[in-house]
Amino acid sequence: MKRLLMMVVVTMSGLAGAEVTGLRSEYQVNPVGIDCKAPRLSWQLDIKERGAQQVAYQVLVASTPELLAQHQGDLWGSGKVESDRAGQVEYSGKPLASHQSCFWKVKVWQAGQLQAQWSKPAKWTTAFLSPNEWRAQWITMPSASKEQAQGLPIFRKSFAINGGLKRSLVNVSGLGHYELFVNGRKVGDHFLDAPWSLCEKTVYYSSYDITDLLREGENEFRIMLGKGFYNTRGDRRVHGVKEAGQLMAILEARLEYADGNTVAVITDNTWDAASGPIQHSAILAGSDYDARLAEPVAWLKAEETETEAVLRASESPAMKTFERLMPVKPAEEPEPSVFVYDFGQNLSAIPLITVRGKKGQTVRLTPAEQRHGQTDRHNNGTGRVNQAGVGAPNYYEYTLGGESSESWAPQFTYGGFQYLEVTGAVPAGHLNPKNLPVIEEIKSVHVRSSARSVGAFSCSNPLFGKIDKSIDRAVRSNLAHVLTDCPTREKLGWLEVSYLMGPSISRRYDLSRLYAKVTRDIRDSQGKDGAIYTVAPNYPNFRNAFRYTPEWGAAGVILPWQLYRWYGDQRVLQENL
């Protein structure tokens, strides 16, 4: 009897020291918009006892949180599975439907346990499980207005919400890039969506739950479009990528009511279209924005159009904004009315300004990684910005709308810079005899992939710590929709970078989704003869060794194998056979 009692005490003690955490579906926490019919589930076991490990697991998936709380897996119950696997566990339950929310939890056993505790619940929500389910049409600017349009397209649609709205999901994309607004508020925190792809074959869309953004009565969708690599026609700087794709958008919203009624809002020729406030946008050379045109005056009806590309739910981490850097010292004036701000770090970034001035005044921001040497006019050892490393012409212009104080950051472009040179405005507190706009605040906003951090480095040697930070900044600045070799001159996905740097970067960042997307870029970009080119997506029409060379093309074989080695991902091996 004493021996039995001792066993129970030890077992319960071991149980209390373990916790199941980090539940993920397709590598994501509670994702909205999975177009996979058999999502892969994973979790982590936080065990306090040294040497303890999982010996079995059980997964429950339910259609409602209430059923899950009652331990009823009406969609799938795995039963107790004798296994130490805690990842790549495929959903094997009832067939899923598009726009379905699935609630799940897991419990695991350790060696010697009689019972195990359930994890906290998690969920995933499906997107379109087949591209053929889309009812929305691609829309574009009307043909008659395309040549006369000065700004990039903007679309709008009003729709009504009745009482009793239970849930609203929206699926949206745009070529080359887009931003979606609901009642004047931007949806989500993504930057530079849709992810870069070979747009003739694959276009990515994102899904959002917008229930909290809607109100009873009249509501409005707006979509703004950017060009990216998809359309470089008229760009003030082009580097080997000459494309002229038709700018277009697609959206399908699903409004679900408590009485079971479902209403769809889709893009079609009933939407309004107009020329927007973005007067110029180049993926390599900045952007011009006229705040006086933020609300278009002349609206026309959009035209329906089409593309042969397949719509797929975004599979890589979105690019987002991160650190906001302030200047490390007051602006310097190397020449009269020219001001240079130093942010202390060279990063992939966009400028963010808050400015006050008169309607129609224009401020120009010129980014650079370097500055010219000592000037003759000022004996302070500094000079104007030097764009040798970033290319020229390359600048951002903002035309004021006349508000008392206005904030602006470019939407569809970014670059690499440490310095911003400002002309057409003065810093706050500076003498202003010409009554120019006043820069009240200026920041450098770091933009990159939102791939999660999975590792860190620390060392008692300060030099090693500085080296690590410098390398990590370089890595972060090149984690975009692809792994670039620089965020300034090209922004292209050179493939040797991905597999040569992958083993190092994977120790710091989760590359599971980003690299899986890169393998699709490779497949989409392959030549008819099977050649894997140096860059994917294969935007530029390079020649000779710049176009094809085996040590770059080897990424098509090496990357899937690396993903399998790092994450146990067999699916990526099958997709890249």
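Numerical summary
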| quantity | calculated |
| --- | --- |
| Within segment 27-55, tally of residues that are assigned to a loop (DSSP other than H, G, I, E, B), open to solvent by 20 Å² or more (accessible area, probe 1.4 Å) and over 17 Å from Y208 (Cβ atoms) | 10 |
| Condition check for T413: open to solvent by less than 30 Å² (accessible area, probe 1.4 Å) and not in a strand (DSSP E or B) | yes |
| Residue among R473, R507, R489 that alone is in contact (Cβ under 8 Å) with a residue 60 or more places away in the chain, surrounded by fewer than 22 Cβ atoms within 10 Å (Cβ to Cβ) and not in a helix (DSSP H, G or I) | R489 |
| Subset of segment 270-303 that is among the hydrophobic types (A, V, I, L, M, F, W, C) and within 23 Å of the chain's Cα centre (by Cα) - its residue that is farthest from E243 (Cα to Cα) | I278 |
| Check on R565, touching a residue at least 60 places away in the same chain (Cβ under 8 Å), in a helix (DSSP H, G or I) and surrounded by fewer than 20 Cβ atoms within 10 Å (Cβ to Cβ) | no |
| Flag if A194 is small (G, A, S), open to solvent by less than 30 Å² (accessible area, probe 1.4 Å) and under 26 Å from V447 (Cα atoms) | yes |
| Of all residues making up segment 543-562, the number that are among the hydrophobic types (A, V, I, L, M, F, W, C) and open to solvent by 40 Å² or more (accessible area, probe 1.4 Å) | 6 |
| T270, sole failed condition from (1) open to solvent by 10 Å² or more (accessible area, probe 1.4 Å); (2) touching a Pro at 6+ places or on another chain (Cβ under 6 Å); (3) not charged (D, E, K, R) | (2) |
| Count of segment 321-377 residues which are open to solvent by 70 Å² or more (accessible area, probe 1.4 Å) and assigned to a loop (DSSP other than H, G, I, E, B) | 11 |
| Some residue of segment 451-468 being in contact with a Phe, Trp or Tyr (Cβ under 6 Å, 6 or more places away or on another chain), in contact (Cβ under 8 Å) with a residue 12 or more places away in the chain and either farther than 27 Å from E179 by Cα or in a loop (DSSP other than H, G, I, E, B) (or both) | yes |
| Failed condition for D521, given (1) of a type in the set (D, E); (2) in a helix (DSSP H, G or I); (3) surrounded by fewer than 21 Cβ atoms within 10 Å (Cβ to Cβ); (4) in contact with a Pro (Cβ under 9 Å, 6 or more places away or on another chain) | (3) |
| K443 being of a type in the set (K, R) and within 19 Å of K320 (Cβ to Cβ) | yes |
| Some residue of segment 132-139 being free of Cβ contacts under 8 Å to residues at least 60 places away in the same chain, farther than 29 Å from P537 by Cβ and of a type outside the set (A, V, I, L, M) | no |
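Rundown of residues vs (1) in a loop (DSSP other than H, G, I, E, B); (2) open to solvent by less than 20 Å² (accessible area, probe 1.4 Å); (3) at pLDDT 95 or above, yes/no style:
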position	(1), (2), (3)
L180	no, yes, yes
G188	yes, no, yes
Y204	no, yes, yes
D212	no, no, yes
V238	yes, no, no
A253	no, yes, yes
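Matching residues to (1) within 20 Å of A127 (Cα to Cα); (2) in contact (Cβ under 8 Å) with a residue 12 or more places away in the chain; (3) touching a helix residue (DSSP H, G or I) at 6+ places or on another chain (Cβ under 6 Å):
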site: F159; (1), (2), (3): no, yes, no
site: L192; (1), (2), (3): no, yes, no
site: K201; (1), (2), (3): yes, yes, yes
site: Y205; (1), (2), (3): yes, yes, no
site: I210; (1), (2), (3): yes, yes, no
site: G217; (1), (2), (3): no, yes, no
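The values are calculated or read from the model by the stated rules, or taken from the named source; none is laboratory data. All figures in this text were calculated on a predicted structure; none of them were measured in a lab. Glycine also receives a Cβ, built like all others from the backbone with ideal geometry; neighbour counts cover every protein chain displayed. Note: accessible area is taken over every heavy atom of the protein model, side chains too, but ligands, DNA and RNA are not part of it. Shrake-Rupley method; radii C 1.70, N 1.55, O 1.52, S 1.80 Å.
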